[in-house]
1. Are any of the residues in region 1-18 at pLDDT 80 or above and exposed (fewer than 10 other Cβ atoms within 10 Å of the Cβ)?
2. Quick one: would you say Ile36 is modelled with pLDDT of 85 or more and of a type outside the set (Ser, Thr, Tyr)?
3. Scan region 15-29 residue by residue and report those that are acidic (Asp, Glu) and not in a helix (DSSP H, G or I).
4. Return the pairs, sorted by first residue and then second, in which the second residue is surrounded by 10 or more Cβ atoms within 10 Å (Cβ to Cβ), the first residue lies in region 25-49 and is at negative phi, the beta carbons are less than 8 Å apart, and the residues are 6+ apart or on different chains.
Amino acid sequence: MPRSEPRARRACCMISELLEETGIDRAKLRAARRQILEGVVLLCQWQLERMREDEPAPGRKRAQKVAVE
């Protein structure tokens, strides 16, 4: 929303009001956001490790199933 409309409430103001009403300050919110992001990073690293484990060993080719008529 443009700033020229004083009557319209901007989203950032609504979020600030919501946080103030719930008693969550910026420091708590920042800590929670950091913890969530670190969890996502950890999950992605774990998934990458699992993908590496599933890869065939270098130099060895996997047998392929072939349909025979």
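1. No: region 1-18 contains no residue that is at pLDDT 80 or above and exposed (fewer than 10 other Cβ atoms within 10 Å of the Cβ).
2. Spelling it out, Ile36 is indeed modelled with pLDDT of 85 or more and of a type outside the set (Ser, Thr, Tyr).
3. Of everything in region 15-29, just one residue is acidic (Asp, Glu) and not in a helix (DSSP H, G or I), namely Asp25.
4. Correct list of pairs: Asp25/Leu19; Arg26/Leu19; Leu29/Leu19.
The values are calculated or read from the model by the stated rules, or taken from the named source; none is laboratory data. Since the structure is predicted, the reported quantities are computational estimates derived from the model, not experimental observations. Note that we place each Cβ from the backbone using ideal geometry, even for glycine, and neighbour counts take in every protein chain shown.
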